[in-house]
Amino acid sequence: MWHEEISDPVLFDQAAFEQALRNGTAALPLCKRTLSDGRHRLLDQFASGKPIRELVHKRAWLIDHVLTEVWRLNVDVPDLALVAVGGYGRGELHPCSDIDLLILTKSRLSSGCKSQIERFLTFLWDTGLEVGHSVRSVRQCVREAKSDVTVATNLIEARLLCGNRDLFDELVRETSPRRMWPTRRFFEAKLREQAARHQKFEHTEHSLEPNVKEGPGGLRDIQMIGWVAQRHFGPGRLRDLVARGFLTEQEYQALGRGRSFLWQVRFALHKLTGRREDRLQFDHQKSVAALFGYEAPDNSGVEQFMKLYYRTVRELNRLNEMLLQHFEEVIIYARRTARIRPINKRFQAHNDFIEARSRNVFSRYPLALLELFLLIQQDPRIKGVRASTIRLVRESLPLIDDDFRADIRNRSLFMEIIRQPRHVGHELRRMHRYGVLGAYLPEFASIEGQMQFDLFHVYTVDEHILFVVRNMRYFGLKEESRQFPLLCQRVLKAIPKQELLYLAGIFHDIAKGRRGDHSDLGAEDAVRFCIAHQLSEFDARLVGWLVKHHLLMSKTAQREDIDDPDVVNHFAAAVGDVMHLNYLYLLTVADISGTNPKLWNSWKGALLGDLYDRTLLALRRGLENPIDKEERIRDVKAETLAILRREPPPGGFDPEEVWSGLGDDYFLRHSPDEIAWHTCAIARVSDDRLPLILVREMTDRGGTEIFIYMRDHDNIFSRSTRALDRLGLNIVDARIITSNSGYTLDTFIVLEESGEVVKGKDRIREIKEGLRDALISLDQPLARITRIRPRTLKHFPIPTHVRFSTDDKNRRTVMEVIATDRPGFLSSVGVAMEFCGARLHGAKIATYGERVEDIFFITDRSNRIITDPPMLNCLRSSITDSLTAN
């Protein structure tokens, strides 16, 4: 056992410790000093490069000795046992790991016994140890373990520290597989537990801030293997799996290297943070990378270190898959006759796991390296790949060379995989996990594990691409499509070849990290691939166009005023026809929703859908017959009047009277439904009841709509946006209209911080009251910002840039502000506009992770284009100073 191999009298000298106590040294200071000195010695040994396995065991060894001495000093009851459980039971402790203890009792505790246990635990807490404990009898342990597999798992690793040996042996006997959780039930429960845990991480080990312990391919996956092996085979070591044929010696070494690497990373995190930290956050990545020797003034050191991390956890994830499949055979199918079903001359199904029919299948038929995945797609009875075949695939990867990639049979097989009606994303991910995808597509191999240094993307480039393809597949699946706009299902049915969409997804970011525009370079790769794989020139050009322009629709929707018919007409001209629009829309939705699950929301879905619908109308009219503003305004007014006739408001009024003086912009930038809603409310309100504040929970624009109507004042925008910020709302769109009669009509689309729409009467009342309080005291000082700036923003500083351009057609100045996102951003810009005498007419709010790229449509106070250099300089410097001070 590990503890028998450790002897370090400098770390803990039992004779010297006992002599100090005999000499009258107080026990508590002595223990605290022993633990502190030991911690520093282990950290020094870590820095000097001592093997990590030795360090984690030494930490447990040190704690063993200290706890045994503390127990001896405080407890003299013979019917108790002190037991280490969990990670401490395994003898694996990092500098700040919890110390999990079970105090095992024989019978009901006397008051004196309770007092001794309390004294023991209080002593431990006073030393500064993070102790988790339970006090239970064997019967109580059995009851808890039977009902909770997590408790049963902890007890598998139980280790007696001191106390009653017979009591501990009884616990081991009563919690054995013969008494509870037989191996099959235990294995099935742990499989479900792992699946649920992986689901929390979107089944990917490629998060940009991975969890070293709990994430896929992390330490918990290795522990899972040990738990199942120990439950089935009895106490032993992972090396025993080599003798049992579960692992080759090479795989065992890879498993050991992977565990040691993750132990080193976790040890480093504890050292740097001074706490139990398992997340490799941006805050720590550069420092951890430096401890591993990856130092550079830019991000290249972090990038190299993280590539090593992702390569390691992907290998561990694959080994976990192989070993669990082995266990499934010996545990689930052990007493059954193996069901062998021939598939073809190269493959067969073994208990519904596909396997090669001989060890030389891939050397004789290299094309089988791709055929394997196609067969899984085509046969829904196949549950996975048999472990021995996974091993063969990995060993055969060198066969995928230039000749293999040039072989027409292999090219045809790859395209068949892409064209299949089921499991395209699933099998591409399996190909990636086994190393086949990177071997077949060298361009893909170059972006495996590549970091994206922003908060917009939460996955590496390769993982993002696979999520994009998965999303494309989900559009057509009833059970998965609910997370996307309904429009996706309709548009998907309209495209003639889904494989072209998948190829665009694979190549859209494949050139990231190269010098040059990744869209242009990726388009060249895509066209070359398509021609080589026998696609028509038209299809190849379409895929290349999609890759080249994959950002066009999102930029147009989020950065331009799509209420302006000219913007829509220009976008329609760039797209050219309905087929290109359909493909581009699906690629855009899949791309945005595949960057970060938290960034996709109903507002973005509605915004893209709105641009799609308007562009579709423009294309059907014909690019030679574009919609103009006058026609759009006439149509909007006519539709609004039709709504008011269908649902006439009480009391009656003349809508045209309400609309007089509102101006063209109002009708261009609001839907008939919104105008009817506004009109009814404005007609009934008098000046002495202003401001009028309306809130609708959910609208066609995909968010909660807030409408403010009141006498115009220069401070309205800064005060209303600050109030919404203090209410914890994210503003995703703002439309600011000033009527000719001196009233402002401001519309904000907002979402809760969770990305959900506002819900509930109490929340709506809170919003109305917060806005009213801010708007009835416009001359009072601006309320302070209360929201805390997220920790992650400090790692992605973006210099503030303010740029101006002129929109002559709409007689306004366009101001673009690029900066790091922060609480109070919009209100800070609003204050700067007030100070410099600029009037806001509208805004396009676009936040990409930590990066804000907002567009403001402004004029001077006389509603003229701003051309005065001093005023433009005032805006630039005031905004920069305001955001820097925030």
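The values are calculated or read from the model by the stated rules, or taken from the named source; none is laboratory data. Given the structure is predicted, the values throughout are model-derived calculations rather than measurements. Quick reminder, even Gly has a Cβ in these numbers, built from the backbone with ideal geometry, and neighbours come from all protein chains shown. Heavy atoms of the whole protein, side chains included, go into the accessibility calculation; ligands, DNA and RNA do not. Shrake-Rupley method; radii C 1.70, N 1.55, O 1.52, S 1.80 Å.
Entry remark, segment 456-484: residues being in a loop (DSSP other than H, G, I, E, B) and either open to solvent by 30 Å² or more (accessible area, probe 1.4 Å) or polar (S, T, N, Q) (or both) number 8 in total. Here R39 meets each of (1) within 38 Å of the chain's Cα centre (by Cα); (2) within 30 Å of G236 (Cβ to Cβ); (3) touching a residue at least 24 places away in the same chain (Cβ under 8 Å); (4) crowded, with 16+ Cβ neighbours inside 10 Å with one exception, condition (2).
Just give me the residues in segment 838-862 being open to solvent by 10 Å² or more (accessible area, probe 1.4 Å), part of a strand (DSSP E or B), modelled with pLDDT of 85 or more and among the charged types (D, E, K, R), in sequence order. Result: R839, E853, D860. Report yes if some residue within segment 113-123 is farther than 30 Å from R33 by Cα and buried (at least 16 other Cβ atoms within 10 Å of the Cβ); otherwise report no. No, segment 113-123 contains no residue that is farther than 30 Å from R33 by Cα and buried (at least 16 other Cβ atoms within 10 Å of the Cβ). Among the numbered criteria (1) over 29 Å from S602 (Cβ atoms); (2) open to solvent by 30 Å² or more (accessible area, probe 1.4 Å), which one does S671 miss? Here S671 meets the rest and fails (1). Applying the criterion of being open to solvent by 10 Å² or more (accessible area, probe 1.4 Å), within 27 Å of the chain's Cα centre (by Cα) and of a type outside the set (D, E) to the residues of segment 558-591, the residue that is modelled with the lowest pLDDT is R559.
For the residues H232, H270, the requirement of being touching a residue at least 40 places away in the same chain (Cβ under 8 Å), under 18 Å from V56 (Cα atoms) and of a type outside the set (K, R) singles out H270.
For segment 150-196, a tally of residues being under 21 Å from A84 (Cβ atoms), open to solvent by 20 Å² or more (accessible area, probe 1.4 Å) and part of a helix (DSSP H, G or I) returns 12.
When V131 is tested against (1) more than 26 Å from I222 (Cα to Cα); (2) hydrophobic (A, V, I, L, M, F, W, C); (3) touching a strand residue (DSSP E or B) at 6+ places or on another chain (Cβ under 9 Å), just one condition goes unmet, and that condition is (1).
Against the test of being under 34 Å from the mean Cα position of the chain (by Cα), open to solvent by less than 10 Å² (accessible area, probe 1.4 Å) and over 17 Å from N730 (Cα atoms), the options V817, V829 yield a single qualifying residue, V817.
E630 fulfils the conditions (1) at pLDDT 95 or above; (2) open to solvent by 20 Å² or more (accessible area, probe 1.4 Å) except for a single criterion, (1).
Counting only helices (runs of 4 or more DSSP H) that sit wholly inside segment 505-580, those with at least 3 residues that are under 23 Å from G425 (Cα atoms) are 518-532, 537-548. Within segment 258-269, the presence of a residue that is farther than 22 Å from N320 by Cα and assigned to a loop (DSSP other than H, G, I, E, B) is excluded.
Scanning segment 42-84 for residues that are charged (D, E, K, R) and closer than 16 Å to I6 by Cβ, which turns out most open to solvent (accessible area, probe 1.4 Å)? Steps first, please.
Residues of segment 42-84 that are charged (D, E, K, R), as a first pass: 44, 50, 53-54, 58-59, 64, 69, 72, 76, 79.
Narrowing further to those that are closer than 16 Å to I6 by Cβ: 50, 53-54, 58-59, 64.
On the way: K50: 89, R53: 106, E54: 63, K58: 17, R59: 19, D64: 21 Å².
Out of the qualifying residues, it is R53.
With the requirement that a residue be more than 39 Å from the chain's Cα centre (by Cα), at pLDDT below 85 and polar (S, T, N, Q), what does segment 664-722 give you? Scanning segment 664-722 gives a single hit, S686. Filtered by the rule that a residue be within 16 Å of the chain's Cα centre (by Cα) and not in a loop (DSSP other than H, G, I, E, B), segment 206-242 gives S207, N211.
If the condition is being open to solvent by 70 Å² or more (accessible area, probe 1.4 Å) and in a helix (DSSP H, G or I), then segment 129-139 contributes only R139.
Does at least one position in segment 651-661 carry a residue that is under 20 Å from N810 (Cβ atoms), touching a residue at least 40 places away in the same chain (Cβ under 8 Å) and surrounded by 15 or more Cβ atoms within 10 Å (Cβ to Cβ)? No. If you go through segment 273-284 and pick out every residue that is more than 20 Å from E92 (Cα to Cα) and either touching a residue at least 24 places away in the same chain (Cβ under 8 Å) or aliphatic (A, V, I, L, M) (or both), you end up with 3. Screening T595, T615, T640 for residues that are in contact with a Leu (Cβ under 6 Å, 6 or more places away or on another chain), buried (at least 17 other Cβ atoms within 10 Å of the Cβ) and either among the hydroxyl-bearing types (S, T, Y) or at positive phi (or both) leaves exactly one candidate, T615. Of all residues in segment 6-47, exactly one satisfies the criterion of being in a loop (DSSP other than H, G, I, E, B), among the hydrophobic types (A, V, I, L, M, F, W, C) and farther than 28 Å from A268 by Cα, namely A26. For segment 867-877, does any single residue satisfy the condition of being without any contact (Cβ under 8 Å) to a residue 40 or more places away in the chain, surrounded by 15 or more Cβ atoms within 10 Å (Cβ to Cβ) and not in a helix (DSSP H, G or I)? No: segment 867-877 contains no residue that is without any contact (Cβ under 8 Å) to a residue 40 or more places away in the chain, surrounded by 15 or more Cβ atoms within 10 Å (Cβ to Cβ) and not in a helix (DSSP H, G or I).
Selection of segment 324-343 for residues being in contact (Cβ under 8 Å) with a residue 24 or more places away in the chain and among the polar types (S, T, N, Q) yields only Q325. Among the residues of segment 271-285, just one is over 22 Å from the mean Cα position of the chain (by Cα) and either surrounded by 20 or more Cβ atoms within 10 Å (Cβ to Cβ) or closer than 16 Å to V461 by Cα (or both), namely K271.
Collect the residues in segment 106-117 that are more than 20 Å from A84 (Cβ to Cβ) and assigned to a helix (DSSP H, G or I), keeping them in residue-number order. The answer is S111, G112, C113, K114, S115.
Of the strands (runs of 3 or more DSSP E) lying entirely inside segment 286-403, those containing at least 3 residues that are open to solvent by less than 50 Å² (accessible area, probe 1.4 Å) and touching a Phe, Trp or Tyr at 6+ places or on another chain (Cβ under 9 Å) are 353-356.
Scanning for something open to solvent by 20 Å² or more (accessible area, probe 1.4 Å), in a helix (DSSP H, G or I) and not aliphatic (A, V, I, L, M), does segment 96-105 turn up at least one residue? Scanning segment 96-105, I find no residue that is open to solvent by 20 Å² or more (accessible area, probe 1.4 Å), in a helix (DSSP H, G or I) and not aliphatic (A, V, I, L, M), so the answer is no.
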